[in-house]
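Below is one structure, written out as structure tokens; comments come after it.
The values are calculated or read from the model by the stated rules, or taken from the named source; none is laboratory data. Worth saying up front: this structure is predicted, and the values here are computed from it rather than measured. Cβ: placed from backbone, ideal geometry, glycine included. Neighbour counts: every protein chain shown. Only protein heavy atoms, including side chains, enter the accessible area calculation; ligands, DNA and RNA are left aside. Shrake-Rupley method; radii C 1.70, N 1.55, O 1.52, S 1.80 Å.
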Amino acid sequence: MPELPEVETMRRALAAVLAQGSRQIVAVRHGTVGLRRPFPRRMSSQLRGRTITSLSRHGKYLLWHCEGLQLVNHLGMTGTWRVVTDGSTRIHDHVALVLADGRHLVYHDPRRFGLVDLCPTGNGHPLLAGLGPDAMDQAACTTTHLVAACRGRRVPIKVLLLDQRVIAGIGNIYANEACFMAGIDPRRAAGRIAPARLARLREAITTVLAAAITAGGTTISDYRNALGDQGWFQHDLQVYGRQAEPCRICARPLDHTTLGGRVTVWCRHCQR
DNA sequence: CCTAAGTCCTGAGTGC
DNA sequence: TGCACTCAGGACTTAG
């Protein structure tokens, strides 16, 4: 569930769940294995009795606001939340927030690249402090910001888009898609792209992320968001996962390579 | 055997 | 030579 549209889809689904029943946490259960880092000390006693007042998101981070305390949550590569009403558990369940009405919100994450941590409201969590503006925050994530971030940089533009310190929320799927939509070669050095073209890229980021949110995100293989439905944006992908298939604009076969350790797909003819 | 929606760390390289 | 910064590659983990 990892990039911005998938996290936003999850956020909305969880908000809907919380709106139709109790939002008070009466217990927290968690395993001993931990995720990317160990679970915070006394997580259960710190959260017990608190009400989840709202859920927000910055980049790929989901923030659970709990009356003075913030539950900071990253879904890693395979993290999901689901609602459990009968107390049943599955392998790779790691955290359960037990609500006053008996429902359990269960965090499930086979690869354990996700993260659950606590910090006081107001005090920004150290992990959030280094993040750039959220990719969907039009007021903060401007062309001016992108142009400044690209200046002097020799990294491929697609690698720069993946840097959460520059812009928060873009992952491998949407970095590929945004470069295609903007007609920019993903290998091109960030510092060697004209501002007018970066403006197009900025616009493409908004467009592709907004479309993906509307579609409920992208679902890879048979992955399912157990809270709601699967996403449908995989049917709208133009390049990601389509290497050697025909470009949807010019019909030439799509190229692929590795940039920043991630598969990169683009059209040699349509993207310069 | 290979690959995968992410992030963090290390070490090499670059420029001042 | 030193320092700060940049960038590439690997590690982490499980499932298919």
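Could you identify the single residue in A:ALA196, A:ALA204, A:ALA211, A:ALA244 that is outside any helix (DSSP H, G or I) and either open to solvent by less than 20 Å² (accessible area, probe 1.4 Å) or away from DNA strand B (no atom under 12 Å from the Cβ) (or both)? If you could, list the steps in order and put the result at the bottom.
Numbers: A:ALA196 fails: outside any helix (DSSP H, G or I); A:ALA204 fails: outside any helix (DSSP H, G or I); A:ALA211 fails: outside any helix (DSSP H, G or I).
Among A:ALA196, A:ALA204, A:ALA211, A:ALA244, only A:ALA244 is outside any helix (DSSP H, G or I) and either open to solvent by less than 20 Å² (accessible area, probe 1.4 Å) or away from DNA strand B (no atom under 12 Å from the Cβ) (or both).
So which residues in the stretch A:19-33 are within 15 Å of A:ALA96 (Cβ to Cβ) and in contact (Cβ under 8 Å) with a residue 12 or more places away in the chain, if there are any at all? Before the answer, list the steps.
In the first step, residues of the stretch A:19-33 are kept if they are within 15 Å of A:ALA96 (Cβ to Cβ); the result is A:22, A:24-33.
Matches in the stretch A:19-33: A:SER22, A:GLN24, A:ILE25, A:VAL26, A:ALA27, A:VAL28, A:ARG29, A:HIS30, A:GLY31, A:VAL33.
Does the stretch A:53-63 contain at least one residue that is touching a Leu at 6+ places or on another chain (Cβ under 9 Å), within 16 Å of DNA strand C (Cβ to nearest atom) and under 29 Å from A:ALA215 (Cα atoms)?
Among the residues of the stretch A:53-63, at least one is touching a Leu at 6+ places or on another chain (Cβ under 9 Å), within 16 Å of DNA strand C (Cβ to nearest atom) and under 29 Å from A:ALA215 (Cα atoms), which makes the answer yes.
Collect the residues in the stretch A:127-136 that are surrounded by 15 or more Cβ atoms within 10 Å (Cβ to Cβ) and either in contact (Cβ under 8 Å) with a residue 60 or more places away in the chain or within 13 Å of DNA strand B (Cβ to nearest atom) (or both), keeping them in residue-number order.
Going residue by residue through the stretch A:127-136, those that are surrounded by 15 or more Cβ atoms within 10 Å (Cβ to Cβ) are A:127-128, A:131-136.
Within the stretch A:127-136, A:LEU127, A:LEU128, A:LEU131, A:GLY132, A:ASP134, A:ALA135, A:MET136 meet the criteria.
Report the residue count in the stretch A:137-163 for those that are in contact with a Lys or Arg (Cβ under 9 Å, 6 or more places away or on another chain), touching a residue at least 24 places away in the same chain (Cβ under 8 Å), open to solvent by 40 Å² or more (accessible area, probe 1.4 Å) and more than 12 Å from DNA strand C (Cβ to nearest atom).
The number of residues fulfilling the criteria is 2.
Is it the case that some residue within the stretch A:226-239 is more than 10 Å from DNA strand B (Cβ to nearest atom), in contact (Cβ under 8 Å) with a residue 24 or more places away in the chain, in contact with a Phe, Trp or Tyr (Cβ under 7 Å, 6 or more places away or on another chain) and among the acidic types (Asp, Glu)?
no
Just to check your reading of the model, which residue among A:ILE173, A:ILE184 is more than 20 Å from A:LEU128 (Cα to Cα) and in a helix (DSSP H, G or I)? Give the derivation first.
Working: A:ILE184 fails: in a helix (DSSP H, G or I).
Among A:ILE173, A:ILE184, only A:ILE173 is more than 20 Å from A:LEU128 (Cα to Cα) and in a helix (DSSP H, G or I).
With the condition being more than 30 Å from A:ASP137 (Cα to Cα) and open to solvent by less than 70 Å² (accessible area, probe 1.4 Å), I'd like the strands (runs of 3 or more DSSP E) fully within the stretch A:1-75 carrying at least 3 qualifying residues.
Where strands (runs of 3 or more DSSP E) fall fully within the stretch A:1-75 and carry at least 3 residues being more than 30 Å from A:ASP137 (Cα to Cα) and open to solvent by less than 70 Å² (accessible area, probe 1.4 Å), they are A:25-30.
Quick check on the stretch A:84-105. Is at least one of its residues within 18 Å of the chain's Cα centre (by Cα) and surrounded by 14 or more Cβ atoms within 10 Å (Cβ to Cβ)? Explain how you work it out, then say what you get.
Taking the stretch A:84-105 and keeping what is within 18 Å of the chain's Cα centre (by Cα), we get none.
No; the residues of the stretch A:84-105 include none that is within 18 Å of the chain's Cα centre (by Cα) and surrounded by 14 or more Cβ atoms within 10 Å (Cβ to Cβ).
Within the stretch A:116-126, is even one residue among the small types (Gly, Ala, Ser) and either closer than 23 Å to A:LEU209 by Cα or crowded, with 17+ Cβ neighbours inside 10 Å (or both)? Steps first, please.
If we filter the stretch A:116-126 for residues that are among the small types (Gly, Ala, Ser), which is where we start, we get A:122, A:124.
Going one step further and asking which of them are either closer than 23 Å to A:LEU209 by Cα or crowded, with 17+ Cβ neighbours inside 10 Å (or both), we end up with none.
No.
Determine whether the stretch A:144-160 contains at least one residue that is within 14 Å of DNA strand B (Cβ to nearest atom), touching a helix residue (DSSP H, G or I) at 6+ places or on another chain (Cβ under 7 Å) and outside any loop (DSSP other than H, G, I, E, B).
To start, the set of residues in the stretch A:144-160 that are within 14 Å of DNA strand B (Cβ to nearest atom) comprises A:151-155, A:158-160.
Adding the requirement that they be touching a helix residue (DSSP H, G or I) at 6+ places or on another chain (Cβ under 7 Å) leaves A:151-155, A:158, A:160.
Next, only the ones that are outside any loop (DSSP other than H, G, I, E, B) stay: A:158, A:160.
Yes.
Can you confirm whether the stretch A:106-119 contains a residue that is over 15 Å from A:LEU62 (Cβ atoms), more than 16 Å from DNA strand B (Cβ to nearest atom) and of a type outside the set (S, T, N, Q)? Let's see the steps before the verdict.
Step one: of the stretch A:106-119, the residues over 15 Å from A:LEU62 (Cβ atoms) are A:110-112.
Remaining after also requiring more than 16 Å from DNA strand B (Cβ to nearest atom): none.
Among the residues of the stretch A:106-119, not one is over 15 Å from A:LEU62 (Cβ atoms), more than 16 Å from DNA strand B (Cβ to nearest atom) and of a type outside the set (S, T, N, Q), which makes the answer no.
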